[in-house]
Amino acid sequence: MALSEIKQISIKGYLQNMGVLPKKEFAYYGMYFSPFRDDHNTSFKVDYRQNLWYDFGTREGGSIIDLVMKLENCAFHEAAAKLEKDIEGVGLNSFSFHRDSIPATPKNRNPAMTIRNICTISHPKLAAWISTRKIDLSLANLYCREVHYQVKDNVYFSIGFGNDKGGYELSSPSNFKGCIPPKDITTVKNGHDNCLVFEGFWDFLSYLTLQKIEKTQYDVTVLNSVANVQKSLAFLAGHRNIFAYLDNDESGRKAIQVIKSSCFSVDDRSVRYAAYKDINDYLCGKNQVRQMKKGRGFRL
């Protein structure tokens, strides 16, 4: 069986035959409890149209083969062989492994973007670009993925950062910024009274780099655009203290005022990098921060 055929095996059907069913189901996707870990938030999404999965808790996702690799803790070729063997053993007609039918697209209308693959960041151009941003590749891979997508007849790849509704914020070396919808904020919930706010994921990664940490104990909101600031207010309002690391421009200042109008204690931390547009520019312009002694990172 060809690899392309194996990747057409329905993730929904595969999980169903394991006894794993969606807890919330919508027209084109389902939300599950993650099959990999103890999950109480139905944070595992299966996109029926693209036949892709994404775990919001671990920020991992991919095809049916990636799913089996993680479930079985095996290599790529072993996962593909297992899937092929399973199909041969039961037959395609008697097993619900074929993909769900997808409603026909009206004539002369094509989806703006189609996800082709989601994987660990490994393309040399993307890795080099991350390095120019003064971010370690290992850190970027904790929160981002390499996303290959198609627009009409053209195929592209970018760094993708998942949001709370299953969309992806896209960023590439050509200075392209886009989104695979739906567009939304991204939240990291650690159960803390303090919440950090960033405009984009590069700022979030820059903060972690300056702090010399991979994860923060605080809750986090990444707006993914200051246009999303209203969407963040309900989450932010549940915190005692807000520390905002937004851009030093008019949009950033307006977003701060919106947050201050809804939250009691808001600390505008952009003054700490006032000579720079944003916190990533500060990181790139201050190379000496990488020589600071351990434990003396950029203070919260």
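How much accessible surface does His148 have with a 1.4 Å probe, in Å² rounded to 10?
50 Å²
So what is the relative contact order for the chain, in percent, with contacts set as C-alpha pairs under 8 Å and at least six apart?
11 percent
When DSSP assigns beta bridges and you keep just the ones with both residues in the chain, what percent turn out antiparallel, to the nearest 5?
Antiparallel bridges make up about 75 percent of those DSSP assigns within the chain.
Compute the signed sum of charges (Lys and Arg +1, Asp and Glu -1) over the other residues within less than 10 Å, Cβ to Cβ, of Leu67.
Neighbourhood net charge equals -3.
In straight Cα distance, which aspartates and glutamates are under 13 Å from Lys12, not counting same-chain residues fewer than 8 positions off?
Cross-link targets: Glu25, Asp47, Asp100.
Above 25 Å lies some portion of the pair distances; for the chain, what is it as a whole percent of all C-alpha pairs?
54 percent
Can you work out the Karplus-derived ³J(HN,Hα) for every residue in the stretch 50-66? Use 6.51 cos²θ - 1.76 cosθ + 1.60 with θ = phi - 60°, whole Hz, and x for glycine or proline.
Once rounded to whole Hz, the list reads 8, 6, 10, 10, 8, 9, 5, x, 10, 6, 10, x, x, 8, 4, 5, 4.
Subtracting the Cα-Cα distance from 0.36 nm times the residue separation, let me have the gained length for Asn175 to Thr42 in nm, one decimal.
Between Asn175 and Thr42, full extension yields 44.5 nm more.
Run the quick spin-label model on Val151 and Cys74: label points 7 Å from Cα toward the beta carbon, then report their separation in nm to one decimal.
So the two model labels end up 3.9 nm from each other.
Roughly how many Å² is the accessible area per residue of the chain, as a whole number, for a 1.4 Å probe?
Counting only protein heavy atoms, the per-residue value for the chain is 52 Å².
Just add up the charged neighbours of Ser158: K/R +1, D/E -1, any other residue whose Cβ is under 13 Å from the Cβ of Ser158.
That works out to +2.
Can you give the FRET efficiency to the nearest 0.05 for Gln8 and Val258, using r as the Cβ-Cβ distance and R₀ = 41 Å?
So, using R0 = 41 Å, E works out to roughly 0.35.
Suppose only helical runs count, i.e. DSSP H with n ≥ 4. What mean residue ellipticity at 222 nm does that imply for the chain under -39500 (n - 2.57) per run, divided by all residues and rounded to the nearest 500 deg cm²/dmol?
One gets -8500 deg cm²/dmol as the mean residue ellipticity at 222 nm.
How high is the FRET efficiency from Ala237 to Leu139, r the C-beta distance, R0 30 Å, rounded to 0.05?
Given R0 = 30 Å and the Cβ-Cβ separation, E is 0.55.
Express the carbon and sulfur contribution to the solvent-accessible surface of the chain as a percent, rounded to the nearest whole number, probe 1.4 angstrom.
Result for the chain: 49 percent of the exposed heavy-atom area is carbon or sulfur.
Starting from the Cα of Lys212, step 7 Å along the direction of its Cβ; do the same at Arg272; then give the gap between the two resulting points in nm.
Each label point is offset 7 Å from its Cα along the Cβ direction, giving 1.5 nm.
The values are calculated or read from the model by the stated rules, or taken from the named source; none is laboratory data. Note that the structure is predicted; figures quoted are calculated from it, not measured. Glycine also receives a Cβ, built like all others from the backbone with ideal geometry; neighbour counts cover every protein chain displayed. Note: accessible area is taken over every heavy atom of the protein model, side chains too, but ligands, DNA and RNA are not part of it. Shrake-Rupley method; radii C 1.70, N 1.55, O 1.52, S 1.80 Å.
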